[in-house]
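Enquirer: Encoded as structure tokens, here's the structure I'll be asking about.
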2 protein chains.
Amino acid sequence: MTLASLPRHQGGADGLARLLGQALLAGRWRPGETFPRERDLCEHFAVSRNQVRNALATLVALGLIERTAGRGSVVCEIDEWHLLDPLVSAWMSDIETPDAQLLREIFAFRHSAEPAVARLAAQAAEAEDLERLEVAYRGMRRTAGRPEASAQHAEHDVAFHTAIYRASHNLVWRQMGHLLRPSIVALIQRSQAHLQPHPDGLEDSLVRHGRLLEAIRGRDADAAEAAAADVLRRTAVDLGIVADAASRPATVPVAEPNAKERSA
Amino acid sequence: MTLASLPRHQGGADGLARLLGQALLAGRWRPGETFPRERDLCEHFAVSRNQVRNALATLVALGLIERTAGRGSVVCEIDEWHLLDPLVSAWMSDIETPDAQLLREIFAFRHSAEPAVARLAAQAAEAEDLERLEVAYRGMRRTAGRPEASAQHAEHDVAFHTAIYRASHNLVWRQMGHLLRPSIVALIQRSQAHLQPHPDGLEDSLVRHGRLLEAIRGRDADAAEAAAADVLRRTAVDLGIVADAASRPATVPVAEPNAKERSA
DNA sequence: GAAAAGCAAATGTCAGACATTTTACCGCGC
DNA sequence: GCGCGGTAAAATGTCTGACATTTGCTTTTC
């Protein structure tokens, strides 16, 4: 694609990196394609080469592009994007239409990981962790079902799950919490666009979150693991990540190996 | 600390970032301490300010240091280090003495996560995944018990677990495989230094790895999950991450919330 | 026709000057 | 003495122009 469709004025210091990074995450250049040259970027955004080079260096550090002298900059394969970097996560959650395949991968990860995180949380949670969980849960209840407050609802939802990752008291899991925001924000937007595929689903979702909270408060690791799986199951079915739970209620079957190409 | 104890000549282009980054990861500056000024780095390493600024920009992108105009560079808290970045992982596995606490956190993560990964792998593995697993397993057998081949043994070990993460066919899990190398390399070094705390442990470990491989090959998700937990359990006990398995053989108890300060 | 030389285009590097932010110090007034 | 403001120093951030290096393509030459 060309530069023409990008806004000419970015925010501030790191605004340029963010603008270009989000364009990449939104898939406006496909992997393998060549990225615009430094000189063109300077002209289009009317900034010095320094700023352009700083922004591009950031994109390189995030594994989004690769630069070689004499050849130019090419967009990396999605496999090489540093999805786990906080910057990438933050940028992704601000995009209107992130890559659908990418979101499914993130959600599939959560579906398999979050039960284990909940188990740890039930074993390691302290008072302040429970406090955070409760505040977020109350916030979710307060904003449930009100379309005008859906953004706040998403924030409370993010806060709830982030609190679980924090409560694991493990450095790695805590840092992985950055993935939650893009995943949850995209889900909320999707559910708004689709005019609530499950009208009663919201109350149901709240009940499940409540059970998870109670399990963690009661330090019941097994119950927490099961409750976390329960929270994610319905959405996983909606996204086509797992088969319908009704058919095999006991275990959590996962899609066949080659099911990636299926449409959402 | 001062600059004096760092070698004066780094490798090449990104060698300076690597040198400084590894010094940070090894804990030679403590969080909160101020990092050397650009000018001092230029003089000490006899390079241009450009190179120094590039290296420091990399460290900033990795969350290792924070820079503000007029004040200088300060080392970030360990919480803010981007442990999941491939660069950080690669640097860490090349350090002789990484932070012990950090390694315990990484291993605790693996202990809670890898069973879930193995479950996914058993459901999604394809022929080439099994091929990779087998090659790595045979390599482990071949190099077992030979002290002169311990480095290769570690590499095969890394390859085995990396193959499991890859076999999950999930983007996020696959990227998380970068954490394996530092964790495994450190363990091997440790076991060498301690003169094999479990002389029969090596054969035992191989048997457990073999069972995990068989479970994945047989697409038995439950068995794979159990086998993965089994592979990690003994080492987890050694590191003080979980209580002795003999006391509570059924479940996998985890340390108390405030057990972080315990020495290794 | 193939290999070598040359040219153009892209990124990488350097050096110097200047801008901006922060901190510390000093003096002044109350 | 205490606080306040102002100035200067020190650190990082930015700009600019020139040059170096790598790469790919073109042209030349045998």
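The values are calculated or read from the model by the stated rules, or taken from the named source; none is laboratory data. Only a predicted model underlies this, so the values are computations on that prediction, with no experimental measurement involved. Quick reminder, even Gly has a Cβ in these numbers, built from the backbone with ideal geometry, and neighbours come from all protein chains shown. Ligands, DNA and RNA are excluded from the accessible area calculation, which covers all protein heavy atoms including side chains. Shrake-Rupley method; radii C 1.70, N 1.55, O 1.52, S 1.80 Å.
Enquirer: Apply the Karplus curve 6.51 cos²θ - 1.76 cosθ + 1.60, θ = phi - 60°, to the phi angles in segment B:229-237 and return the couplings in whole Hz, x for Gly and Pro.
Expert: 4, 5, 4, 8, 5, 4, 4, 4, 5
Enquirer: Please tell me the relative contact order of segment B:86-252 in percent, rounded to the nearest whole number, where contacts are Cα pairs under 8 Å and at least six residues apart. Mind dumping the intermediate values first?
Expert: Numbers: 188 pairs, mean separation 55.5, N = 167.
Here the relative contact order equals 33 percent.
Enquirer: While we're on this one: Leaving out ligands, DNA and RNA, and with a 1.4 Å probe, what % of the accessible surface on segment B:1-139 is carbon or sulfur? Mind showing how you got there, number by number?
Expert: Details: 3170 of 6320 Å².
Using a 1.4 Å probe with all protein chains present, segment B:1-139 comes out at 50 percent carbon and sulfur.
Enquirer: Would you be so kind as to list the residues of segment B:148-189 that have their accessible area lowered by at least 30 Å² in the full protein complex compared with their chain by itself (1.4 Å probe)?
Expert: Buried on complex formation: B:H169, B:N170, B:L171, B:V172, B:W173, B:R174, B:Q175, B:M176.
Enquirer: Where does each of A:T143, A:T2 land when they are ordered by accessible area, with a 1.4 Å probe and the largest first? Could the numbers behind the result be given before it?
Expert: Working: A:T143 5, A:T2 90 Å².
Largest to smallest exposure gives the sequence A:T2, A:T143.
Enquirer: Enumerate the amide H contacts of B:F35 below 5 Å, restricted to partners 5 or more residues apart or on another chain; note that Pro and chain-start residues carry no placed amide H.
Expert: So B:F35 has HN proximity to B:S73, B:V74, B:V75.
Enquirer: Using only atoms on other chains, find how many Cβ atoms lie within 10 Å of each Cβ of peptide A:77-83 and report the average. Don't jump to the answer; show the numbers that get you there.
Expert: Numbers: counts 0, 1, 3, 2, 2, 8, 6.
For peptide A:77-83, the averaged partner shielding equals 3.
Enquirer: In addition: Residue by residue, what Karplus-based ³J(HN,Hα) values in Hz, rounded to whole numbers, does segment A:41-46 have, using 6.51, -1.76 and 1.60 with θ = phi - 60° and x for Gly and Pro?
Expert: Working through the residues one at a time gives 5, 4, 5, 4, 9, 6 Hz.
Enquirer: Then there is this: How far apart, in nm, are two points set 7 Å out from the Cα along the Cα-to-Cβ line at B:E134 and at A:R234?
Expert: Calculated label separation equals 4.5 nm.
Enquirer: Using a probe radius of 1.4 Å on protein heavy atoms only, what is the accessible area buried between chains A and B, both sides summed, to the nearest 100 Å²? Walk me through the numbers before you get to the answer.
Expert: Details: alone 14140 and 14090 Å², together 25060 Å².
Protein heavy atoms only, the A-B interface buries about 3200 Å².
Enquirer: Could you compute the net charge surrounding A:R181? Neighbours are other residues with a C-beta less than 10 Å from the C-beta of A:R181; K and R count +1, D and E count -1. Don't skip to the end; give the middle numbers.
Expert: Numbers: positive: none; negative: A:D94, A:E155, A:D157.
With Lys, Arg at +1 and Asp, Glu at -1, the net is -3.
Enquirer: Got a sec to turn the phi values of segment A:123-136 into Karplus ³J(HN,Hα) couplings, 6.51 cos²θ - 1.76 cosθ + 1.60 with θ = phi - 60°, whole Hz, x for Gly and Pro?
Expert: Residue by residue, segment A:123-136 yields 8, 10, 4, 10, 4, 5, 5, 4, 4, 4, 4, 5, 4, 5 Hz.
Enquirer: For B:T34, A:T162, write out the residues from largest to smallest accessible area, computed with a 1.4 angstrom probe and no ligands counted. Intermediate values should be presented prior to the final figure.
Expert: Numbers: B:T34 95, A:T162 45 Å².
Ranking B:T34, A:T162 by accessible area, largest first, yields B:T34, A:T162.
Enquirer: Please arrange A:R110, A:R208 by accessible surface area, largest first, computed with a 1.4 Å probe and ligands excluded.
Expert: Details: A:R110 5, A:R208 45 Å².
Of A:R110, A:R208, the descending order of accessible area is A:R208, A:R110.
Enquirer: From the Cα gyration tensor of segment B:86-252, with a ≥ b ≥ c the square roots of its eigenvalues, which class applies: rounded if a/c is under 1.5, or else prolate if a/b is larger than b/c, or else oblate? Spell out each step's value before the answer.
Expert: Details: a/c = 1.30, a/b = 1.21, b/c = 1.08.
Rounded is the answer for segment B:86-252, as its axis ratio a/c remains below 1.5.
Enquirer: Taking a label point 7 Å from Cα toward Cβ, how far is B:G15 from its twins in the other copies, in nm, shortest first?
Expert: B:G15 label point versus its equivalents elsewhere: 4.1 nm.
Enquirer: How far is A:T34 from the same spot in each other copy, in nm, shortest first, if each label point sits 7 Å from Cα toward Cβ?
Expert: Going from nearest to farthest copy, the values are 4.7 nm.
Enquirer: Output the residues of segment A:84-111 meeting this criterion: accessible area (heavy atoms, 1.4 Å probe) in the chain alone minus accessible area with all protein chains in place is 20 Å² or greater.
Expert: A:L84, A:D85, A:P86, A:E105, A:F109
Enquirer: Further question: Using a label point 7 angstrom from Cα along Cα-to-C-beta, what distances in nm, from shortest up, separate A:I188 from the other copies?
Expert: The answer, with the shortest distance listed first, is 4.6 nm.
Enquirer: Then there is this: So if the hydrodynamic radius of segment A:3-80 is defined as the Kirkwood radius over C-alpha pairs, what does Stokes-Einstein give as its diffusion coefficient at 37 °C and 0.692 mPa s, in µm² per second?
Expert: Numbers: Rh = 12.5 Å.
For these conditions, the coefficient is 263 µm²/s.
Enquirer: Give the calculated FRET efficiency between B:R142 and A:E148 to the nearest 0.05, with a Förster radius of 45 Å applied to their Cβ-Cβ distance.
Expert: Details: r = 65 Å, r/R0 = 1.44.
Efficiency at R0 = 45 Å is approximately 0.10.
Enquirer: Using the per-residue mean of other Cβ atoms lying within 10 Å as a proxy for protection, in what order, highest first, do the peptides B:91-99, A:144-152 fall?
Expert: Working: B:91-99: 17.1, A:144-152: 12.2.
Listed from highest to lowest mean packing, they are B:91-99, A:144-152.
Enquirer: For segment B:12-163, I need the span (max minus min coordinate) of the C-alpha atoms along each principal axis, in Å, sorted largest to smallest.
Expert: 56, 32, 27 Å, listed from the longest principal axis down.
Enquirer: Still on this structure: Can you work out the accessible area per residue across segment A:1-102, with the rest of the protein chains kept in place, probe 1.4 Å, in square angstrom? Show your work: numbers first, answer last.
Expert: Working: 5250 Å² over 102 residues.
Heavy-atom accessible area per residue stands at 51 Å².
Enquirer: Next up: Apply the a/c threshold of 1.5 to the C-alpha gyration tensor of segment A:81-174 and tell me whether it is rounded, prolate or oblate. Present the calculation step by step, with values, prior to reporting the outcome.
Expert: Details: a/c = 2.02, a/b = 1.11, b/c = 1.82.
Oblate, since a/c reaches 1.5 and b/c is not below a/b.
Enquirer: How would you order A:223-235, A:69-81 from highest to lowest mean count of nearby Cβ atoms within 10 Å? Intermediate values should be presented prior to the final figure.
Expert: Values: A:223-235: 21.1, A:69-81: 14.4.
So the order, starting with the most tightly packed, is A:223-235, A:69-81.
Enquirer: Now for a different question. Using modelled backbone amide H atoms (1.01 Å from N, in-plane), which distant-in-sequence or interchain residues come within less than 5 Å of A:I65's amide H?
Expert: Residues meeting the amide H criterion: A:V60, A:C76.
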